[in-house]
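Before any comments, here is the structure.
The values are calculated or read from the model by the stated rules, or taken from the named source; none is laboratory data. Since this is a predicted model, take the numbers as computed values, not measurements. Backbone-built Cβ (ideal geometry, glycine too); neighbour counts: all protein chains shown. With ligands, DNA and RNA removed, areas are computed over all heavy atoms of the protein, side chains included. Shrake-Rupley method; radii C 1.70, N 1.55, O 1.52, S 1.80 Å.
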Amino acid sequence: MYSRIAGTGSYLPEKVLTNFDLEKMVDTSDEWIRTRTGIERRHIAAEHETTSDLAYRAAVAAMDSAGVDGSDIDLVLVGTTTPDLVFPNVGCLLQERLGIRNGPAFSLEAACSGFIYGLTVADAMLKSGQARRALVVGAETMSRIVDWTERETCVLFGDGAGAVVLEASDEPGIVYAKLGADGRYRDLLYASSGVSKPKEEGESGLLRMKGNEVFKVAVKTLETMVDEVLESNRLDKGEIDWLIPHQANIRIIQATAKRLQMPMERVVLTVAEHGNTSAASVPLALDVAVRDGRVKRGDLLLLEAFGGGFTWGAVLVRY
Ligand code: UT7
């Protein structure tokens, strides 16, 4: 028994914030942002738009492309660090709006790795017969936790959502999934606003990152992870058709591609247009490449992510 991706969808809020717009807000330049990160613009949710609104639009598109409706779905899983509410979770909010009446719905907090974590959990639940067809979403409104006065971080993030319909199948499918985490790095990337922890003096609760240190661990961890993916699946470098990475920084993506000996033409890049949309970035990139015809049925895809926690993960998919 396998699980396979039956459809993909994504949604980006209408408002676009360019590097030139950011030049007017903080002491930065288009040149710095482009050369250090590869980002040119990002989308920002409207004031009334919440994470579940973005997730809903992406989910509808994914369900349309899979040719299913709410009655066909029996598991909803949403990767997000920016939920609408403490509870009900975004999965339940989606369930209600999409007319899904069967099975569990939950969200999963793993920062930028949220979608990869969600996909892995859904795959395991489908394989074990606990569900037949899952809606797996990555959705974020990072703009709500970014400090818009801090140039080190505010230039990096964007809002958006991506989704897939994953269904039980006799054919592959997801052929491999591996997750990891290391909580010792908690202080390198975090947002301290929470529910049960009292706020400390001078704490903003907004996203904080020691970018340079995160960068080094991200590159090293992703390199080790892709080596493991190749070894565990007895794959030679060059056998993967498309790398669909988390879109945090073009330089991190280039390092991973180099490790896999993959030319950049076989890497799906959305970082210039979307920035870092955290848990939404991988399903957004996947949907872009499916819809523009680059990713075709039968292609072997490597999806990977790294983020706050630290958390990381990779999923190998025969699309
Ligand atoms: O998605 C979750 C995981 N997150 C990531 O993977 C992000 C990982 N980190 C990164 O992508 C990069 O470290 C950044 C893009 C965040 C920063 O790039 P960097 O090449 O590591 O720059 P840096 O932090 O070492 O800063 C270099 C210089 C500093 O100035 P000095 O000290 O050399 O004078 C910064 O103050 O660039 C300065 N700087 C800026 N200058 C203009 C930092 N941010 C900006 C800015 N505009 N926005």
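If you place +1 on the Cβ of every Lys and Arg, -1 on the Cβ of every Asp and Glu, and leave all else neutral, what size is the dipole of segment 153-258 about its Cα centre, to the nearest 20 Debye? Display every interim value, and only then the final one.
Numbers: 13 positive and 17 negative charges, 118 e Å.
Approximately 560 debye in magnitude.
Just reorder Leu235, Leu286 by solvent-accessible area, largest first, 1.4 Å probe, all chains present.
Working: Leu235 30, Leu286 0 Å².
Final ranking, largest accessible area leading: Leu235, Leu286.
Of all the stretches in the chain, which is the longest one without any exposed loop site, taking GluC sites (Glu not before Pro) in a DSSP loop (any state but H, G, I, E, B) with at most 14 other Cβ atoms within 10 Å?
Numbers: sites that count: Glu14, Glu47, Glu200, Glu201, Glu203, Glu239.
Here the longest segment lacking exposed loop sites spans 48-199.
In whole angstrom, note down how far apart the Cα centers of segment 119-198 and segment 33-93 are.
Each part reduced to its Cα centre gives a spacing of 11 Å.
Tell me, what is the 1.4 Å probe accessible area of Ser65, in Å² to the nearest 10?
Answer for Ser65: close to 60 Å² accessible.
Solvent-accessible area of Trp242, probe 1.4 Å, all protein chains present, reported in Å² to the nearest ten, please.
We get 30 Å² for Trp242.
For the chain, just run the numbers: alpha carbon Rg, then divide by 2.2 N^0.38 Å, N being how many residues it has.
Expressed relative to 2.2 N^0.38 Å, the Cα Rg reads 0.93.
What FRET efficiency do you get for Val175 and Asn102 if R0 is 35 Å and r is their Cβ-Cβ distance, rounded to the nearest 0.05?
Working: r = 27 Å, r/R0 = 0.78.
The computed FRET efficiency comes out at 0.80.
Excluding same-chain pairs closer than 8 in sequence, count the lysine pairs in the chain whose Cα atoms lie under 27 Å apart.
For the chain, qualifying lysine pairs total 21.
In segment 1-98, with Lys and Arg counted as +1 and Asp and Glu as -1 at Cβ, which of these residues, Ala55, Gly9, Phe87, has the Cα nearest the positive end of the dipole, that is, farthest along it?
With unit charges placed on the Cβ atoms, the residue in question is Gly9.
Give me the number: length gained by fully extending Glu14 to Gln130, i.e. 0.36 nm times residue separation minus the C-alpha to C-alpha distance, one decimal in nm.
Numbers: separation 116, 0.36 × 116 = 41.76 nm, distance 3.73 nm.
Extra length from Glu14 to Gln130 when fully extended: 38.0 nm.
Subtract the Cα-Cα distance of Asp187 and Lys237 from 0.36 nm times their separation in residues, and report this length gain in nm to one decimal. It would help to have the intermediate numbers written out before the result.
On the way: separation 50, 0.36 × 50 = 18.00 nm, distance 3.46 nm.
Contour length minus the Cα-Cα distance gives 14.5 nm.
Could you give the dipole magnitude of the chain about its Cα centre, charging the beta-carbon of Lys and Arg +1 and that of Asp and Glu -1, in debye to the nearest 20?
Values: 35 positive and 45 negative charges, 113 e Å.
Computed about the Cα centre, the dipole is about 540 debye.
Distance in nm between label sites at Lys199 and Gln254, each 7 Å beyond Cα in the beta-carbon direction?
Once both label points are built, they end up 4.0 nm from each other.
Based on DSSP, what percent of beta bridges with both residues in segment 1-155 are antiparallel, to the nearest 5?
On the way: 4 of 13 bridges.
Beta bridges within segment 1-155, antiparallel portion: roughly 30 percent.
Taking every DSSP beta bridge that has both residues in the chain, what percent is antiparallel when rounded to the nearest 5? List each step's numbers first, then the result.
Details: 40 of 55 bridges.
So the antiparallel bridges in the chain amount to around 75 percent.
Give me the accessible area of His48, 1.4 Å probe, in Å² rounded to the nearest 10.
140
Would you mind calculating the gained length between Asp64 and Glu213 on full extension (0.36 nm times residue separation, minus the Cα-Cα distance), in nm to one decimal?
Numbers: separation 149, 0.36 × 149 = 53.64 nm, distance 4.13 nm.
Net length gain for the segment: 49.5 nm.
Once you charge only the Cβ atoms, +1 for Lys and Arg and -1 for Asp and Glu, what is the size of the charge dipole of segment 7-58 about its Cα centre, to the nearest 20 debye? Present the calculation step by step, with values, prior to reporting the outcome.
Working: 7 positive and 10 negative charges, 39 e Å.
My answer is approximately 180 debye.
Hydropathy first: keep DSSP H helices in the chain averaging at least 0.5 on Kyte-Doolittle, then drop any whose Cα extent along the axis falls short of 27 Å, and list what survives.
Numbers: long enough: 211-232 (31 Å, 0.17).
Length and hydropathy pass: none found.
Let me have the 222 nm mean residue ellipticity of the chain computed from DSSP H runs of 4+ only, each contributing -39500 (n - 2.57), with the sum over all residues rounded to the nearest 500.
On the way: 10 runs with 103 residues, N = 319.
-9500 deg cm²/dmol, from helical runs alone.
Taking all protein chains together and a probe of 1.4 Å, list Arg57, Arg234, Arg186, Arg208 from the most accessible to the least accessible.
Values: Arg57 125, Arg234 210, Arg186 150, Arg208 60 Å².
Sorted by accessible area, descending: Arg234, Arg186, Arg57, Arg208.
Starting from the Cα coordinates of segment 264-310, work out the convex hull volume and express it per residue in Å³.
So the per-residue hull volume is 91 Å³.
If I take all pairs of Cα atoms in segment 1-140, what percentage of them are more than 27 Å from each other? Could you put the intermediate results ahead of the total?
Details: 2802 of 9730 pairs.
It works out to 29 percent of all Cα pairs.
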